[in-house]
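Colleague: Below: one structure in structure tokens.
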Amino acid sequence: MIYTLIIDTSTERGQIVVALGKEVCSHVELPFGLESSKFLMHSIKNCFESLNITVLDLKAVAVSIGPGSFTGIRVGASFAMALSHARKIPLISLGSLESLISESDGEFVSLIDAKIQSGYLLLQKKEGEKVTPLSEPRMIPLQELEPLLCKAPFVVTPSPGKLKGCLPNSINWVERGPDPKHAASLAEEAFLRKSFSTSGECQLNYISHVKIG
């Protein structure tokens, strides 16, 4: 058992990753949209077939626990929890914002539209392969988002949604999904720290679990 299956169905840009340590062995981007989780099983099957492996070859499963789409998070997490419980392998929880990274070095903001005139925000800094969170994930009202986003060199988001039309054109939006290599790195680091569940359970990160302000 050497591979880690990584599932992210929390936003419009979902992905499936099979990793060996911090290396990405197989990667599938799910179709864009909040219903991408319906492609979950087929995409996992394709990843396994491309590597000629089965669930018996997994040492762990990692899943994005949010913030993000209520339905998307639940679908991905339900599958991951069931797999962890059935195979008795570690279940690793990954934050949705942490995998949204800039391709350029320097500070940037990771942002997910909360759909209620607010956004989930995380300030991070990239230095080569190293990415360091500089804040805790927060849910911030629209009126407080503008000064924060205007100061950021880049705002990395899977989709700005309606926020883009409510904010200044000067904001440097970078629309991209979670980075598969960084997700693999986060999952492996959590595995080595033994920061995982062995009960097949995880706490999902909905609006009520995110600090506001």
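Colleague: Report, in debye and to the nearest 20, how large the dipole of the chain comes out about its Cα centre when Lys and Arg carry +1 and Asp and Glu carry -1 on their Cβ. Could you put the intermediate results ahead of the total?
Modeller: On the way: 21 positive and 22 negative charges, 89 e Å.
With only Lys, Arg, Asp and Glu charged at Cβ, the dipole is about 420 debye.
Colleague: Could I ask something else about it? Past 19 Å, Cα to Cα, is the threshold; run Lys38/Lys88; Lys125/Lys194; Lys59/Lys194; Lys22/Lys194; Lys59/Lys88; Lys22/Lys59 against it and keep the listed order.
Modeller: On the way: Lys38/Lys88 25 Å; Lys125/Lys194 25 Å; Lys59/Lys194 12 Å; Lys22/Lys194 15 Å; Lys59/Lys88 9 Å; Lys22/Lys59 13 Å.
Listed pairs above 19 Å: Lys38/Lys88; Lys125/Lys194.
Colleague: Using alpha carbons only, what's the Rg to Rh ratio of region 1-77 with Rh from Kirkwood? List each step's numbers first, then the result.
Modeller: Working: Rg = 11.8 Å, Rh = 12.3 Å.
Looking at region 1-77, the ratio lands at 0.96.
Colleague: A further question on this structure: I want to make sure I understand the PRE zone here: with the label point 7 angstrom from the Cα of Arg74 toward its beta carbon, which residues in region 35-56 have backbone N atoms less than 17 Å away?
Modeller: The answer is 35-40, whose backbone nitrogens lie closer than 17 Å to the label point.
Colleague: How many angstrom lie between the C-alpha centres of region 114-155 and region 1-46?
Modeller: Using only Cα atoms to place each centre, the spacing works out to 24 Å.
Colleague: Same structure, new question: What 222 nm value per residue comes from the helices of the chain, counting each DSSP H run with n ≥ 4 as -39,500 (n - 2.57) and dividing by all residues, nearest 500 deg cm²/dmol?
Modeller: Value at 222 nm, helices only, nearest 500: -8000 deg cm²/dmol.
Colleague: Sticking with this structure for a sec: Restrict the search to region 85-122; then list the GluC sites (Glu not before Pro) that DSSP places in a loop and that have at most 16 other Cβ atoms within 10 Å of their Cβ.
Modeller: On the way: sites: Glu98, Glu103, Glu107; in loops: Glu103.
Listed in order of number, the matching sites are Glu103.
Colleague: Using Cβ counts within 10 Å as a stand-in for footprinting exposure, how do Ser96, Ser197 rank, fewest first?
Modeller: Working: Ser96 26, Ser197 15.
Fewest to most other Cβ atoms nearby, the residues stand as Ser197, Ser96.
Colleague: Further question: What percent of all Cα-Cα pairs in the chain falls into each 10 Å bin, going from 0 up to the bin containing the maximum distance?
Modeller: 9, 37, 36, 15, 3, 0
Colleague: Using a Cα-Cα cut-off of under 18 Å, which aspartates and glutamates could be cross-linked to Lys181, ignoring same-chain neighbours fewer than 8 residues away?
Modeller: Straight-line reach from Lys181, under 18 Å: Asp8, Glu23, Glu29, Glu98, Glu103, Asp105, Glu127, Glu129, Glu189.
Colleague: Here's another thing I want to ask about it. Quote to one decimal, in nm, the extra length available between Gln203 and Lys88 on full extension: 0.36 nm per residue of separation minus the C-alpha distance between them. Write down the numbers at each step before the final one.
Modeller: Numbers: separation 115, 0.36 × 115 = 41.40 nm, distance 1.80 nm.
Length gained between Gln203 and Lys88: 39.6 nm.
Colleague: If you take every DSSP beta bridge fully contained in region 31-176, what fraction is antiparallel? Give it as a percent rounded to 5. Could you put the intermediate results ahead of the total?
Modeller: Numbers: 16 of 25 bridges.
Here the share of antiparallel DSSP bridges comes out near 65 percent.
Colleague: How do Asp57, Asp8, Asp113 line up, fewest other C-beta atoms within 10 Å first?
Modeller: Values: Asp57 15, Asp8 29, Asp113 20.
So the residues, fewest neighbours to most, are Asp57, Asp113, Asp8.
Colleague: Would you list the membrane-span-like helices of the chain, meaning whole DSSP H runs whose alpha-carbon atoms span at least 20 Å along their axis and whose mean Kyte-Doolittle value is at least 0.5?
Modeller: Numbers: long enough: 70-87 (25 Å, 0.66).
Long hydrophobic helices here: 70-87.
Just so you know, all these numbers are worked out from the coordinates, no wet-lab data involved. Fair warning: this is a prediction, and the values are worked out from it, not measured in the lab. Cβ coordinates were reconstructed from backbone atoms using ideal geometry, including for glycine residues, and neighbour counts include every protein chain displayed.
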